[in-house]
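Coordinate-derived values only; no laboratory data. Since the structure is predicted, the reported quantities are computational estimates derived from the model, not experimental observations. Please note: Cβ atoms are built from the backbone with ideal geometry, for glycine as well, and neighbour counts cover all protein chains shown.
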């Protein structure tokens, strides 16, 4: 046995003897194991000597902690006494490695087999099996473009970009029957849903996984559309947690030359990125969304100068469901007067710009 251990053991025994010597043989009040040794109502020897030496309690504790870390914790503040029993007990625990105040620990020391007995009863568990995909992911709606008319069209693995359309029935006058009261339709190949499908396909062809939700968020009318699309977007992020860019694709309301330009010698619908702020309701991500929008606008301007409407970005006081995650933006392509061919050209350039931004290091949170 090392001499240091023998010395420490001897000191511990001496302190234990002191504890037993100071303890009354027949105490009238039970004294806890960690209690102090001085009698109730009497000033301790330590407090008396500190007063005579004009040494403060804080100074003594500081000295003790500097010499032997944490030793100062064995001193009580009011009344100021040293917790001799706590100190001795701590030393014995350190030497033996057993919690002496724990009956189970003492029993395990004598009967090692007790360590194998569980301390609590638990219900038997069976290995969990992977849950099947929700049935809603395989739902179809007649007339939806591509992907077997699935409402949730997934292209590639681990989708990085998610696309949905709040105003899913937005359409274009050139493809509508003359006399149509509004530029809306449920003939999906004539709507913004078709434009979203083109965008999803173009992105996937550039090696980016995409999921497009073709839920009809206009089924309960215009006023309820954003409330319904909020749950659509939440469902998209729940089912496809790898998504890092969320796009609510729209057809704008402006018309004529405002939404049309010529790019690469071909007419194209102009693009506007809308960023919702926190002026009306909280939006913790609006600064990050704005940063993403600026990067996307810069990429679009480099690929197709003039394709953006104005400076390409419009900040609005409403958040438009953009509080769900960073890189969550609303994008308008064209207006009701644009043709599907013009929409197709814009969707291709938007996919090129998105692929640049998405694959850039640090561009997407």
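Comparing segment 139-358 with the 2.2 N^0.38 Å rule of thumb, its C-alpha radius of gyration ratio is 0.93 (two decimals). Each of 138, 337, 248 has some number of other Cβ atoms within 10 Å of its Cβ, and from fewest to most they run 138, 337, 248.
Would you work out if segment 228-365 is rounded, prolate or oblate? Take a ≥ b ≥ c from the square roots of the eigenvalues of the alpha-carbon gyration tensor; rounded if a/c is under 1.5, else prolate when a/b is larger than b/c, oblate otherwise. In terms of gyration-tensor shape, prolate. As a proxy for reagent exposure, 150, 309, 214 were ordered by neighbouring Cβ count within 10 angstrom, fewest first; the result is 150, 309, 214.
Taking a ≥ b ≥ c as the square roots of the eigenvalues of the Cα gyration tensor of segment 132-174, is the shape rounded (a/c under 1.5), prolate (a/b larger than b/c) or oblate? Taking the square roots of the gyration eigenvalues as a ≥ b ≥ c, segment 132-174 is prolate. For segment 191-205 and segment 255-316, what is the centre-to-centre distance using only Cα atoms, to the nearest Å? The distance from the Cα centre of segment 191-205 to that of segment 255-316 comes to 18 Å. When DSSP beta bridges are limited to those with both residues in segment 145-300, what percentage is antiparallel, rounded to the nearest 5? So the antiparallel bridges in segment 145-300 amount to around 60 percent.
Among 168, 255, a tally of other beta-carbon atoms within 10 Å of each Cβ gives an order, fewest to most, of 255, 168.
Taking square-rooted eigenvalues a ≥ b ≥ c of the alpha carbon gyration tensor, is segment 250-296 rounded, prolate or oblate, where a/c under 1.5 means rounded and, failing that, a/b exceeding b/c means prolate? It comes out oblate by the Cα gyration axes.
Rounded to the nearest 0.05, the FRET efficiency derived from the C-beta distance between residue 361 and residue 186 at R0 = 45 Å is 0.60. Placing R0 at 30 angstrom, the Cβ-Cβ distance between residue 142 and residue 231 gives a FRET efficiency of 0.85 after rounding to 0.05. For the pair residue 266 and residue 111, label points projected 7 Å from Cα toward Cβ lie 8.4 nm apart.
Each semi-axis of the equivalent ellipsoid for segment 188-258 is √(5λ) with λ an eigenvalue of the Cα gyration tensor; in descending order they amount to 21, 19, 10 Å.
Here the simple spin-label model places points 7 Å from the Cα toward Cβ, and for residue 278 and residue 253 these points are separated by 2.7 nm.
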